[in-house]
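Asks: Mind looking over this structure? Questions follow.
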Amino acid sequence: MDIIQSIFRWFHVVAGIIWIGHLYFFNFVNGPFAGTMDGETKKKVVPELMPRALFWFRWGAAWTWGTGVLLLMVVFYHGGALFKDAGTGWGLPAFVMIAVTFLSPFIYEALVKSPLGKNMKMTTVAAVLLTGVVLYLMDSWAGFGFRGYTIHVGSMFGTIMAFNVWFRIWPAQQKIITAVKSGQAPDAALVAMAGLRSKQNTYLSIPLVWAMLNQHTTWTSGCWFYLLGVMLVGWFILTHLYKRAGKVKGF
């Protein structure tokens, strides 16, 4: 099991670097750069660049998510690292919270498409509150230990992000690239939606990375609401990275 776990971790980290690296490339490099191109330049660059980048982006997401689920099974379900007490058994609360983890894209979709989804600040507040509720239930109701609820919240964010990549961003980008290649203006609604989902994925990636460091953050054990603070601090830093990205210029 140690050998299997090591191999899965290796694949998981490498795939994650490919995925998140391209996510940051799109948001901090390609986004500001795209605004400098005229129509003819976009017609030449976009059909050549984006399919290549999106190939590594979406398959990096798939491999990161898949190996992450395998690690979850090996370390937490088979390895017994899920619950805070050794005597805690698998009951309905645990299964419910695991279901919430992997059905989270449906909750996310409802939030994004609600009136709250039209306001980034309100969406942020709602996301933090919902995450707080999930953390509380995993800790107090399902009996998950520190590592258990941290990694499941990370898995929840990763599942939402992978869903966005495969079912929202990639389908939209296929249509956008086709339109640009033919010299037509892409659907503005599709461009806005793909950009928003990519930006939301970038925000979710910050607490996701913290959750992946699971075994190395146990100094906060017993204080589940710390993760909400990690989200807020990380998001504050990220807003400044976005501002900086817009100021970086070419030669």
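Asks: Using only C-alpha positions, report the orientation-averaged shadow area of the convex hull of the stretch 185-251, nm², one decimal.
Replies: 7.0
Asks: Counting only pairs 8 or more residues apart or on different chains, how many lysine pairs in the stretch 116-251 have their Cα atoms under 20 Å apart?
Replies: 6
Asks: Rounded, prolate or oblate: which fits the stretch 54-194, taking a ≥ b ≥ c as square roots of the Cα gyration tensor eigenvalues, rounded meaning a/c under 1.5, else prolate when a/b beats b/c?
Replies: oblate
Asks: Identify, among V69, S155, P171, the residue whose Cα sits farthest towards the positive end of the charge dipole of the chain, taking +1 on the Cβ of Lys and Arg and -1 on the Cβ of Asp and Glu, with the dipole about the Cα centre.
Replies: P171
Asks: Summing +1 for each Lys or Arg and -1 for each Asp or Glu, what net charge is found among the other residues whose Cβ lies under 15 Å from the Cβ of A127?
Replies: +4
Asks: OK, next. To the nearest 20 debye, what is the magnitude of the charge dipole of the chain about its Cα centre, counting +1 on the Cβ of each Lys and Arg and -1 on the Cβ of each Asp and Glu?
Replies: 840
Asks: Hey, another quick one. Just one of (1) 61, 42, 30; (2) 55, 45, 37; (3) 66, 42, 32 is Cα extents along the principal axes in Å as worked out from the coordinates here. Which one is it?
Replies: Recomputing Cα extents along the principal axes in Å here gives the entry labelled (3).
Asks: I would also like to ask the following. What number, in percent, do you get for the relative contact order of the stretch 85-145 if the mean sequence gap of Cα pairs under 8 Å and at least 6 apart is divided by its residue count?
Replies: After rounding, I find 51 percent.
Asks: If you don't mind, another one. Over all distinct alpha-carbon pairs, what is the Kirkwood Rh of the stretch 8-56 in angstrom?
Replies: Answer for the stretch 8-56: a Kirkwood hydrodynamic radius of 12.1 Å.
Asks: If I take every Cα pair under 8 Å that is 6 or more residues apart in the stretch 123-251, average their sequence separation and divide by the length, what percent do I get for the relative contact order?
Replies: Computed over the stretch 123-251, the figure is 32 percent.
Asks: Non-local amide H neighbours of F83 (under 5 Å, H modeled in plane, Pro and chain starts lacking H): which ones?
Replies: G145
Asks: Name the residue from G31, L135, I206 whose Cα lies farthest towards the positive end of the charge dipole of the chain, charges +1 on Cβ of Lys and Arg and -1 on Cβ of Asp and Glu.
Replies: G31
Asks: Taking the Cα centre as origin and putting +1 on Lys and Arg beta-carbons and -1 on Asp and Glu beta-carbons, what dipole magnitude results for the stretch 122-251, to the nearest 20 debye?
Replies: Charge dipole of the stretch 122-251: 580 debye, to the nearest 20.
Asks: Let me ask something additional. Quick one: what does P(r) look like for the stretch 94-155 with 10 Å bins over all Cα pairs, in whole %?
Replies: Reading the bins upward from 0: 22, 49, 25, 4.
Asks: What does the charge count around A194 come to, taking other residues whose C-beta lies under 13 Å from its C-beta (Lys +1, Arg +1, Asp -1, Glu -1)?
Replies: Taking every Cβ under 13 Å from that of A194, the sum is +4.
Asks: Let me know the shape class of the stretch 1-136, please: from the alpha-carbon gyration tensor, a ≥ b ≥ c as square roots of the eigenvalues, rounded when a/c is under 1.5, otherwise prolate if a/b is greater than b/c, or oblate.
Replies: Because a/c hits 1.5 or more and a/b fails to exceed b/c, the stretch 1-136 counts as oblate.
Asks: Taking the Cβ of L49 as the centre, find all other residues whose Cβ is under 14 Å away and add up their charges (Lys, Arg: +1; Asp, Glu: -1).
Replies: Once positives and negatives cancel, what remains is +4.
Asks: For q values of 0.13, 0.22 Å⁻¹, compute log₁₀ I(q)/I(0) with the Debye formula on a Cα-only model of the stretch 137-251, without solvent.
Replies: Taken in order of the listed q values, log10 I(q)/I(0) reads -0.66, -1.17.
Asks: In square angstrom, rounded to the nearest 10, how much accessible surface does H240 have for a 1.4 Å probe?
Replies: 90
The values are calculated or read from the model by the stated rules, or taken from the named source; none is laboratory data. Just so you know, these numbers come straight off a predicted model, no measurement behind them. With ideal geometry, Cβ positions are generated from the backbone for all residues, glycine too; neighbour counts draw on all protein chains shown. Surface areas here come from the heavy atoms of the whole protein model, side chains and all, with no ligands, DNA or RNA. Shrake-Rupley method; radii C 1.70, N 1.55, O 1.52, S 1.80 Å.
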